[in-house]
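First the structure, in the form of structure tokens, and then the observations on it.
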Amino acid sequence: MRGLLSVTLLLLLLLTLSCEASRRNKNHKAGKHDKTRPTSDCPPAETQYGKCVPEHGDCGDGLRDAACREQSDKIHCRIPCNWKKDISDCKYKFAPWGSCGADTNTKSRSGTLKRALFNAECEASVTVSKPCVPKVKKTRGEKKTN
């Protein structure tokens, strides 16, 4: 009887361990990268960063080179899909959009440098422009069209 009890407890223990292992595997996200940076003895001030290169297309998750002394490794980065590619590592404080130019049909605004990310070389001020889109005023009771 004691033998049957110990075999039952052993099987129960094995069943519990296998359930825990399968639960851990379910929580693992397939195809996702581990975004933790490996520990390094280099201080961030000495590390030189390259440009962020997206894995697919021209925006989204990507990789950038990080080099310090003789060490070089790739770290994860992200380029927002609605951001300008040439100033992606520089953060600017922008003024409000200007009025629409009648001859070019574009409006522009200027920005001054707020912060440079990853030791990037940034211009002190930039000007960005975008096409003008006329605002359509809706009357009361008008339904949205899809």
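The values are calculated or read from the model by the stated rules, or taken from the named source; none is laboratory data. Being a predicted model, the structure only gives us computed values, none of them experimental. All Cβ positions, glycine included, derive from the backbone under ideal geometry; neighbour counts span all protein chains shown.
Here is how the numbers come out for the structure above:
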quantity: Failed item, numbered, when ALA116 is tested on (1) loosely packed, with under 10 Cβ neighbours inside 10 Å; (2) within 30 Å of THR47 (Cβ to Cβ); (3) small (Gly, Ala, Ser); calculated: (1)
quantity: Hits in region 65-102 (condition: at pLDDT 85 or above, surrounded by 13 or more Cβ atoms within 10 Å (Cβ to Cβ) and under 22 Å from SER125 (Cα atoms)); calculated: LYS91, TYR92, PHE94, TRP97, GLY98, CYS100
quantity: Single residue of region 50-61 satisfying the filter (within 15 Å of PHE118 (Cα to Cα) and not basic (Lys, Arg)) that is surrounded by the most Cβ atoms within 10 Å (Cβ to Cβ); calculated: CYS52
